[in-house]
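Asks: Structure incoming, see below.
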Amino acid sequence: MTLADSQIHDLAFKVLDAFQIEIPSWGFANTGTRFGKFVQAAAANTLEEKFSDAAEVNRLTGATPTLALHVLWDLPGGLKDVPEVRALERRYGIRSGSINPNLFQDQEYKFGSLCNPSPAVREQALQHVLDSIEMARALGSRDISLWLADGSNYPGTQSMRRRIGWLEDALRAAHGHLAPNQRLLIEYKPFEPAFYHTDIADWGMSSHLARHAGPQACVLVDTGHHYLAQNIEQIVAWLLHTRLLGGFHFNDRRYADDDLTMGSIDPYQIFRIFHEIHSAVRDGLKLNLAYMIDQSHNLKGKIEAMVQTVMAAQELYLRAALVDRTRLAELQQACDLVAAEELFRGAFWRDVRPVARAWREARGLPADPLQALRDGGYVERIARERGSRGQTVNTYA
Ligand code: PSV
Ligand code: MN
């Protein structure tokens, strides 16, 4: 670590001023596992309650001005719901963020959506994507985040190759409907809910589909959507190099797509990802990345978990920003392995919480957002109000 303390203060303020991360509406709703749901009295049952919770997270952290919306869960009436969402945006000072089509919940999608062998089902799925693009446009949302559950469970039961062609056609058609400022983010996932093959299983498949769809399509990296040994920061480096990286769904995992708190299992992994991004920026790449959280907590308090996640994201982003990249480049060039590694992990081990605290105070935010949440009484109040009305549960998240 070669940056002087005075440099760190200024850099940290600049970095934290610029860092924003989107939170998901489904992170405030009751969810669970296929074995059971543990409902929380404070969970959000309506879109208004999700906006209200998002506003509370933003009030405490100052870093989450947008809320990702999942179409069927949040906009079941389609375009008709847009005026209501607009009113909620104004009331709570939170903008709609990425729009997430839902191609996995309806019975028709049992054998796939955009890759279903039935032309009628493929058409229905494409229409849903086009409607979602339309909703995003009406809400002023730039990104449509597309995740497909499509795949198969048994060898020989589907033509993987034919399904690639159907997917190419659909995504190109969807791309044709984007407004000039909109983007199609194509998410990949190796397995679940399909357990033999998944149609978009990795970043190579997403990259190919994005290139084929058109210049406004890019790749969405969900940190939970990799096999355990995969080097995610190398994938990020490739996507940066090929200009195909659109954004992230952040979460952590120990086994598969566990949706645990970002950085709770392997904070060094997130640090390494952020390092790749900071170094790309330093090398002059013009990036437009959507940082999003994709977590829905079943056991932790939902708002508390979200605030904790935002703080973890800020700290790891900042720690990665503190790598002295000029010196690191020299050490890399000289193949001075130990010195390079010590410099790198020195930044990782730096405790940035005091400077983050100073930044929060300087920006009129609570120095300790988690304590402020506990002291503020918001969760107790909504638990009383919402708990007495009975709870709803998302079918999947
Ligand atoms: C799928 O596992 C996923 O990561 C997609 O982004 C979905 O939209 C989201 O989770 C729903 O929870
Ligand atoms: Mn995701």
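Asks: Might you check whether a residue that is touching a residue at least 60 places away in the same chain (Cβ under 8 Å), within 14 Å of ligand 1 (Cβ to nearest atom), surrounded by 21 or more Cβ atoms within 10 Å (Cβ to Cβ) and not basic (Lys, Arg) occurs anywhere in the stretch 117-134?
Replies: Yes, the stretch 117-134 contains a residue that is touching a residue at least 60 places away in the same chain (Cβ under 8 Å), within 14 Å of ligand 1 (Cβ to nearest atom), surrounded by 21 or more Cβ atoms within 10 Å (Cβ to Cβ) and not basic (Lys, Arg).
Asks: Can I ask one more? Does the stretch 367-394 hold any residues that are at pLDDT below 95 and not in a helix (DSSP H, G or I), and which are they?
Replies: If the condition is that a residue be at pLDDT below 95 and not in a helix (DSSP H, G or I), then Ser388, Arg389, Gly390, Gln391, Thr392, Val393, Asn394 are the ones that fit.
Asks: Still on this structure, please answer the following. Please count how many residues of the stretch 47-72 are under 30 Å from Ala356 (Cα atoms) and surrounded by fewer than 18 Cβ atoms within 10 Å (Cβ to Cβ).
Replies: 1
Asks: Then there's this: Take the residues of the stretch 222-251 that are within 13 Å of ligand 1 (Cβ to nearest atom) and free of Cβ contacts under 8 Å to residues at least 40 places away in the same chain: which is farthest from Glu304 (Cα to Cα)?
Replies: Per the stated criteria, the residue is His226.
Asks: Is it the case that Leu75 is buried (at least 21 other Cβ atoms within 10 Å of the Cβ) and over 20 Å from Pro369 (Cα atoms)?
Replies: yes
Asks: Same structure, new question: Looking at Ile23, Ile99, can you tell me which residue is over 24 Å from Met311 (Cβ atoms), touching a residue at least 12 places away in the same chain (Cβ under 8 Å), within 16 Å of ligand 2 (Cβ to nearest atom) and in a strand (DSSP E or B)?
Replies: Ile99
Asks: Out of the residues in the stretch 252-297 that are touching a residue at least 24 places away in the same chain (Cβ under 8 Å) and among the acidic types (Asp, Glu), which is nearest to ligand 2 (Cβ to nearest atom)?
Replies: Applying the filter and picking the extreme gives Asp294.
The values are calculated or read from the model by the stated rules, or taken from the named source; none is laboratory data. Only a predicted model underlies this, so the values are computations on that prediction, with no experimental measurement involved. Note: ideal-geometry Cβ built from the backbone for every residue, glycine included; neighbour counts use all protein chains shown.
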